[in-house]
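Below you'll find the structure, written out as structure tokens, and then a few comments.
Only the coordinates and a few stated rules stand behind these numbers; no lab work does. If you're wondering where the values come from, they're calculated on a predicted model, not measured in any experiment. Backbone-built Cβ (ideal geometry, glycine too); neighbour counts: all protein chains shown.
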Amino acid sequence: MNIRKAASVASTGTPDAQQLKKINLYSKTPLNAEQVYCFSVRLCDDQPDRDFERFDTDALPVLAELFRGKTGIVDHDWSAERQIARVFDTEVLCENGAHYIRAWCYLLRTEKNADLIAEIEGGIKKEVSVGCAVKSTVCSVCGKPYGSCEHRKGLVYDGQLCLAVLRDPADAYEFSFVAVPAQREAGVMKKAEGGVCMTLQELVSKSGTPDLCDSLNALEREAQFGRDCRKAMLRETVSLGLLLDFGADEAVLQKAFSALSSAELSVLKNGMAQKAAALFPSTPQLPAAKGASGTLDTAYII
């Protein structure tokens, strides 16, 4: 899955001796500080974006390594003529609870780059977008691969906002100066090999006919009914577990039984119900319910 994520230029300046040493690792001819213009860019972070997605915090150090040595271009145009800069150093920082990658980049102080440097200094060239790839995206609510579960990003489940978490970085391609980033701040645009990565709901909403949308809505209502039935069955199974004294409290039983499929939960509930019926048989409270005929006091019959 390919990722494009918005970022911004953070600071600019002339490289110091340590930075120049790192820069020269990527240059064929040793450069001096007067020949180089460097700037830092805030890249990927672990905060939710406008698409209700975020990078996994553990993915950032891996991405930081992958971005070292990658090129800077314009408008994501993958051509040699559009190469203007290169990443020479990266680090993962934490600021106000947000973890992010800061990348240091350099370009040459040439006549060709004079206008670009001036635009960076003047805050005109400020927004950039980065391109990278991840192997997996998981649901923040249940941890399953996103799209394989019933949760949908942007919706709230039991007080928890559902996000698609981007994990397992595979590669970093480039960063690019853009006029308008695809998303503000942590915006992303994802594309899988062979097409756009969408859930069924997103695909039908975007490209489906009215009849197809109606059919999907009907399926969603039926699926919701099924989820409600499962919740009721889970509550009953937990109650039976407490009645049979499984040696665990309600929270533990709830978590354990939630991991079962609906079919497995149904088998467990039925077995526990039979066990409970054998241990605690129901007894009628009214004599008539026991089949007693009752005796008639004939002394008062006239």
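Under the Kirkwood approximation for Rh and a Cα-based Rg, what ratio Rg/Rh is obtained for the stretch 210-279?
Reported Rg/Rh, Kirkwood definition of Rh: 1.17.
Across the stretch 229-242, in residue order, what do the Karplus-derived ³J(HN,Hα) couplings come to in whole Hz, using 6.51 cos²θ - 1.76 cosθ + 1.60 with θ = phi - 60° and x for Gly and Pro?
For the stretch 229-242, the Karplus-derived couplings read 5, 5, 4, 5, 5, 5, 4, 5, 5, 5, 4, 5, x, 5 Hz, x marking Gly and Pro.
Over the stretch 210-279, calculate the relative contact order: mean separation of alpha carbon pairs under 8 Å at least 6 apart, over the residue count, as a percent.
35
Can you return the aspartates and glutamates within cross-link range of residue 22? Criterion is Cα-Cα under 17 Å, with same-chain partners fewer than 8 residues away left out.
34, 65, 89, 91
Could you work out how much longer the chain between residue 161 and residue 17 gets when fully extended? Use 0.36 nm per residue separation minus the Cα distance between them, nm to one decimal.
That pair, residue 161 and residue 17, stretches by 47.2 nm at full extension.
Mind listing the long-range amide H neighbours of residue 43? Cut-off is under 5 Å, sequence gap 5 or more, other chains count too, H placed in the peptide plane at 1.01 Å from N.
Amide H neighbours of residue 43, under 5 Å, 5+ apart: 101, 102, 103.
Run the simple label-point estimate for residue 275 and residue 233 please: 7 Å along Cα→C-beta, distance reported in nm.
The two pseudo-label positions are separated by 1.8 nm.
Kindly state, to the nearest 0.05, the FRET efficiency for residue 111 paired with residue 27, given R0 = 30 Å and r defined as their beta-carbon distance.
My answer for the efficiency is 0.95.
Please give the peptides 130-142, 267-279 ranked by average Cβ packing (other Cβ atoms within 10 Å per residue), highest first, as a rough proxy for protection.
So the peptides 130-142, 267-279, ranked by packing, come out 130-142, 267-279.
Note down the magnitude of the dipole of the stretch 210-279 about its Cα centre, charges +1 on Lys and Arg C-beta and -1 on Asp and Glu C-beta and zero elsewhere, to the nearest 20 debye.
Taking the Cα centre of the stretch 210-279 as origin, the dipole is about 240 debye.
Residue separation times 0.36 nm, minus the C-alpha to C-alpha distance between residue 248 and residue 94: what's the value?
Extra length available between residue 248 and residue 94 comes to 51.5 nm.
Past 30 Å, Cα to Cα: identify those pairs from 70/112; 135/255; 21/125; 21/135; 153/275, in the order given.
Too far apart for the 30 Å limit: 21/135; 153/275.
Using a simple spin-label model with points 7 Å from Cα along the Cα→Cβ vector, what separation in nm is obtained for residue 213 and residue 136?
In this crude label model, residue 213 to residue 136 measures out at 3.5 nm.
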